[in-house]
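All remarks here apply to the structure that follows.
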Amino acid sequence: MEVPQQLPQAGALQVEQIKVVEYLLNHDHAEGGPKAKYFRNRGFKPEAWQAMADALRTHGATQPVTETSDTRFGRKFTVECQIETPDGRNPCILTAWIQEGTKPPRLVTAHPNG
């Protein structure tokens with residue numbers, strides 16, 4: 001299966017508020033807690049969730065796709081490397097996106113790369 005260089009429909013990537021606030025920036029989430037610590041330590045805040053959503057969309061649109069697979073939910077894309085963070089450290093992260101049919105890809109998760 002050929003891996004595309006960039007996500008399809010990169011200008012219309014979907015990042016839901018609930019995914020950012022209730023998962024990626026939520027210290028109390030069973031799986032998201034360690035991610036929340038990582039992303040909050042780089043300046044992202046739940047009350048300014050749009051900044052993280054924008055950074056994730058930019059990451060998905062500008063960084064390379066490193067893996068693809070077909071799942072029961074749709075086509076999964078893994079994107080790796082730099083995300084712009086409020087503290088300016090701009091670490092390398094990994095994001096996963098799902099594309100259902102012809103819809104724009106939707107963020108599934110994000111975490112430190114490594």
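A short reminder: the numbers here are calculations on the coordinates, not readings from a lab. From a predicted model like this one, the values you see are computed outputs, not experimental measurements. Note that each Cβ is placed from the backbone with ideal geometry, even for glycine, and that neighbours are counted across all protein chains shown.
What the table below lists for this structure:
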read-out: Matching residues in segment 1-42 - criterion: being under 15 Å from the mean Cα position of the chain (by Cα), over 14 Å from H111 (Cα atoms) and not polar (S, T, N, Q); value: L7, P8, A10, G11, A12, L13, V15, E16, I18, V21, E22
read-out: Complete set of residues in segment 43-71 that are of a type in the set (K, R) and more than 12 Å from the chain's Cα centre (by Cα); value: K45
read-out: In segment 21-30, the residues that are buried (at least 16 other Cβ atoms within 10 Å of the Cβ), part of a loop (DSSP other than H, G, I, E, B) and either among the aliphatic types (A, V, I, L, M) or in contact with a Ser or Thr (Cβ under 7 Å, 6 or more places away or on another chain) (or both); value: L25
read-out: Qualifying residues in segment 38-53 (those that are among the charged types (D, E, K, R) and within 15 Å of D87 (Cα to Cα)) - the one surrounded by the most Cβ atoms within 10 Å (Cβ to Cβ); value: R42
read-out: Hits in segment 63-108 - residues which are among the hydroxyl-bearing types (S, T, Y) and in contact (Cβ under 8 Å) with a residue 12 or more places away in the chain; value: T66, T68, S69, T71, T78, T85, T95
read-out: When residues of segment 77-102 are limited to those that are hydroxyl-bearing (S, T, Y) and under 13 Å from L7 (Cβ atoms), the one surrounded by the fewest Cβ atoms within 10 Å (Cβ to Cβ); value: T78
read-out: Qualifying positions in segment 31-87 - part of a strand (DSSP E or B) and farther than 16 Å from Q99 by Cα; value: E80, C81, Q82
read-out: Single condition K35 does not satisfy, out of (1) charged (D, E, K, R); (2) crowded, with 16+ Cβ neighbours inside 10 Å; (3) without any contact (Cβ under 8 Å) to a residue 40 or more places away in the chain; value: (3)
